[in-house]
Amino acid sequence: MNKIEIKQQYKQSFYNLLLSLNENEFILFNTLSNAVVRIDKEIKEILEKGDFDKLNSALLEQMKKVHVIVNKELNEVNLIRTWRKTHLKNMYLNPRVGLTLVMTYSCNLACPYCYEGDKKAKGGLLTPEKIDTILAFAKKHKVSGRDLKISVTFYGGEPLLNWKGCKYTLKELEKMKEDNVITDYFAGFITNGTLITEKVIDAINNYNISSMQITLDGPKDIHDKRRIKINGEGTFEEIIENIKLLKREVTNEKFHLGLRINVDKTNYKRIPELLDFLKKEGLGNIGISYGIVRGNIPYCSTCMDTPFFVGQDLSKYLTFLWKEAYKRGFQIATRHNLKVSYCMYDRPFSYAIDPNLKVYPCWEMVGEDKYCIWKDY
């Protein structure tokens, strides 16, 4: 292929993003292929001008391979549409029902920034009778001759306040699997980590519980001002001991424990201290993620003088936090993978269900009647 043909045949991907490191170095991130490439000013200008004939053949092939350069006739939007249609078709043909179960609105903590706010006063419990109703609804998704899987996330409030309901759900799912009503099930917990007991450990080891997320807010002195019990007591030491208990006694090889570290402008500088503490305590091999604290009043999170991060803050603060985690060897996801369905709101057969059997399209909408999409089974 001659130089003219190369220029006429290719274009740079619409999904290339450039981040300047300095005057002569750039990071190129292709959001379609998830490729990250370090390039210099010369390559940047070649891509921008479409002078692909100036690339040596090996570099041209590499750029094509990671989707930085694509065929000029390729409609990348149609490519994504095709992926999405195929993905959704497979989901309809092989349904996986996703249930986020609000086991109770009640919580044993009184975190000042909690976005659930007054919802906790709703209380309530998902009782065995209500859980039977939910699972009967899930079974209706079975298509003749097709597999049916159920994924359950125990949520709240604090889900472990309703341990009886959690355990009943796990028993029923196991029975459904044994009776071939479903092919398999998966369960996970989003918990504040204060109510981990031997009973919970035993369930993790004997049921298909694949995940648990526990939250910390910084070193002890900061955490104990933010994640407090109703009586004002701190929770840091209790949570750390429970994390150690999980690490020590869980034998389920499929189980993944993750730590969510809540961050805002008031605590982000102290997060490296927390990471050092975790490593010192032998907890450096736990995957972490950073949770962006938001106000529980909509306009709180958008004011320029808010303690919460606003959009333009994230590139600065998250980059700092990611680097601190990487330096200490923590597992942390910093790159978005291409998905054709990003969350339960956009996923077929995914439901958030509260103790009143009201159904919502997203777990952050639970308790808000204006977002309820169904309540009559």
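Read the figures in this text as sums done on the coordinates, not as results from a lab. Only a predicted model underlies this, so the values are computations on that prediction, with no experimental measurement involved. Note that we place each Cβ from the backbone using ideal geometry, even for glycine, and neighbour counts take in every protein chain shown.
So which of K254/K279; K85/K130; K64/K269 end up more than 30 Å apart by C-alpha?
In this structure, K85/K130; K64/K269 exceed 30 Å between Cα atoms.
Short version: what are the Cα gyration tensor semi-axes of the chain, square root of 5 times each eigenvalue, largest first, in whole Å?
41, 29, 20
Using the beta-carbon distance between K327 and S289 and R0 = 25 Å, what value does 1/(1 + (r/R0)^6) give for FRET efficiency, to the nearest 0.05?
E between K327 and S289, to the nearest 0.05, is 0.90.
Say each of D179 and W83 gets a label point 7 Å from the Cα, pointing the same way as Cα to Cβ; how far apart are those two points in nm?
Label at D179, label at W83, 4.0 nm between them.
Using alpha carbons only, how many degrees (0 to 90, rounded to 10) separate the axis of helix 128-139 from the longest principal axis of the chain?
The angle comes out near 40 degrees.
Report the one residue of L216, F320, M365 whose Cα lies farthest in the direction of the positive end of the charge dipole of the chain (charges on C-beta: Lys and Arg +1, Asp and Glu -1; origin at the Cα centre).
M365
I need the phi-derived Karplus couplings for region 45-52: 6.51 cos²θ - 1.76 cosθ + 1.60, θ = phi - 60°, integer Hz, Gly and Pro marked x.
With coefficients 6.51, -1.76 and 1.60, one gets 5, 4, 5, 5, 8, x, 7, 5 Hz.
When averaged across all projection directions, what area in nm² does the alpha-carbon convex hull of region 217-301 cover?
The Cα convex hull of region 217-301, projected and averaged over all directions, gives 6.8 nm².
Which trypsin sites (Lys or Arg not before Pro) does region 29-78 hold that lie in a coil by DSSP with at most 14 other beta carbons within 10 Å?
Filter output for region 29-78: K72.
What distance in nm lies between label points placed 7 Å from Cα along the C-beta direction at I228 and K72?
The modelled label-to-label distance comes out at 6.6 nm.
Grab the Cα-Cα distance for D221 and E42, subtract it from 0.36 nm times how many residues apart they are, and report the gain in nm with one decimal.
Extending this stretch completely gives an extra 59.4 nm.
Of all the C-alpha pairs in region 3-74, what % are more than 14 Å from each other?
Pairs farther apart than 14 Å: 56 percent.
FRET efficiency for N356 and A110, Cβ-Cβ distance as r, R0 = 30 Å, nearest 0.05?
That pair, N356 with A110, gives E of 0.85.
Please report the antiparallel percentage of DSSP beta bridges with both residues in the chain, rounded to the nearest 5.
Counting only bridges with both partners in the chain, antiparallel ones make up about 35 percent.
If R₀ is 51 angstrom, what is the calculated FRET efficiency for the pair K171 and L59, using the beta carbon separation as r and rounding to 0.05?
Calculated transfer efficiency: 0.30.
Relative to the present Cα-Cα distance, how much length would full extension add between K370 and L195 at 0.36 nm per residue of separation?
Additional length available on full extension: 59.8 nm.
Can you run phi through the Karplus equation (6.51, -1.76, 1.60; θ = phi - 60°) for region 99-105 and list ³J(HN,Hα) in whole Hz, with x for Gly and Pro?
Each residue's phi maps through the Karplus curve to give 10, 9, 9, 7, 5, 6, 7 Hz.
Do any of K149/K171; K140/K375; K225/K247; K199/K247; K171/K247 go past 19 Å between their Cα atoms, and which?
K225/K247; K171/K247
Expressed as a rounded percentage, what relative contact order does region 20-87 have, with Cα pairs under 8 Å and six or more residues apart?
22 percent.
Which angle from 0 to 90°, rounded to the nearest 10, does the C-alpha axis of helix 271-280 make with the longest principal axis of the chain?
Helix 271-280 sits roughly 70 degrees off the main axis of the chain.
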